[in-house]
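The values are calculated or read from the model by the stated rules, or taken from the named source; none is laboratory data. Predicted model, so just to flag it, every value in this text is computed and none were measured. We place every Cβ from the backbone using ideal geometry, glycine too, and count neighbours over all the protein chains shown.
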Amino acid sequence: MYAVAAIMRHLANHLPADPVVWELTGLLHDIDFEETRENPARHAVRSAEILQGMLPEEALHAIRAHNHEYSGTPPATPLDYALIAADAMSGLVVATALVMPSRQLGEVRVDSIIKKYGDGSFARTIDRGRIRQCEQLGLSLEEFSHHALTALQGIHQDLGL
């Protein structure tokens, strides 16, 4: 969740949007994970319930929308699309770092991420369509990869990468 939060904050500063709201949305979007791990239909809905009154409605909507396949809350706002894309991209960037000789984010380049994105056998559980939601923010895959990588390199020590 630290990785998603960092990407969200970075995107908010770029777009511009409220970096605190975006970062908290990224940080807390999976707060229900332990409780709903076996019940994907409750995931995100439960997070929004837990966070009701603590985050603005736009953040709660984005949290529900990041699991829109089950929650019934379709993505509609830049915050929604950013959370969906950042959640998936964080996994791809981390997976890319882990196959580098040094296993460090400092060695990862945007072209490495793009190459791994195009290799469907690499990190197969990462939904590339979710990453493509970055286009709803007016960002190409390359631009979004750059933002995500920059954000994660900024917190590499926290991630142990």
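Does P16 meet the test of being closer than 22 Å to S140 by Cα and free of Cβ contacts under 8 Å to residues at least 40 places away in the same chain? Considered against the rule, which asks whether it is closer than 22 Å to S140 by Cα and free of Cβ contacts under 8 Å to residues at least 40 places away in the same chain, P16 comes out as yes.
Could you please let me know if N13 is surrounded by fewer than 17 Cβ atoms within 10 Å (Cβ to Cβ) and within 23 Å of Q153 (Cβ to Cβ)?
On the way: surrounded by fewer than 17 Cβ atoms within 10 Å (Cβ to Cβ): yes; within 23 Å of Q153 (Cβ to Cβ): yes.
For N13, the condition - surrounded by fewer than 17 Cβ atoms within 10 Å (Cβ to Cβ) and within 23 Å of Q153 (Cβ to Cβ) - is met.
You will find that of L83, L79, L159, L141, the residue that is on the phi < 0 side of the Ramachandran plot, at pLDDT 95 or above and in contact with a Leu (Cβ under 8 Å, 6 or more places away or on another chain) is L159 and no other.
Could you pull out every one of the helices (runs of 4 or more DSSP H) wholly within the stretch 65-161 that has 1 or more residues that are hydroxyl-bearing (S, T, Y) and under 17 Å from A3 (Cα atoms)? Working first, answer last.
Working: elements: 68-71, 78-98, 110-118, 128-131, 141-154, 156-159.
Correct list: 78-98, 141-154.
Among the candidates E57, E23, the residue that is surrounded by fewer than 15 Cβ atoms within 10 Å (Cβ to Cβ) and acidic (D, E) is uniquely E57. Scanning the stretch 41-72 for residues that are free of Cβ contacts under 8 Å to residues at least 24 places away in the same chain, of a type in the set (S, T, N, Q) and farther than 18 Å from L24 by Cβ returns no hits. For L149, are the conditions met, namely being under 14 Å from the mean Cα position of the chain (by Cα), crowded, with 20+ Cβ neighbours inside 10 Å and over 17 Å from L83 (Cβ atoms)? So L149 passes the test. For the stretch 26-47, check the following and say yes or no: at least one residue is farther than 19 Å from F144 by Cβ and buried (at least 24 other Cβ atoms within 10 Å of the Cβ). Scanning the stretch 26-47, I find at least one residue that is farther than 19 Å from F144 by Cβ and buried (at least 24 other Cβ atoms within 10 Å of the Cβ), so the answer is yes.
Is there a residue in the stretch 36-45 that is outside any helix (DSSP H, G or I), aliphatic (A, V, I, L, M) and closer than 16 Å to D87 by Cα? Give the derivation first.
Going through the stretch 36-45, the residues outside any helix (DSSP H, G or I) turn out to be 37-44.
Add one more test, that the residue is aliphatic (A, V, I, L, M), and what stays is 41, 44.
In the following step, the residues that additionally are closer than 16 Å to D87 by Cα were identified as 44.
Looking for residues that are outside any helix (DSSP H, G or I), aliphatic (A, V, I, L, M) and closer than 16 Å to D87 by Cα, one finds at least one in the stretch 36-45, hence yes.
Is it true that Y117 is surrounded by 18 or more Cβ atoms within 10 Å (Cβ to Cβ), farther than 19 Å from M8 by Cα and free of Cβ contacts under 8 Å to residues at least 40 places away in the same chain? Answer is yes for this residue.
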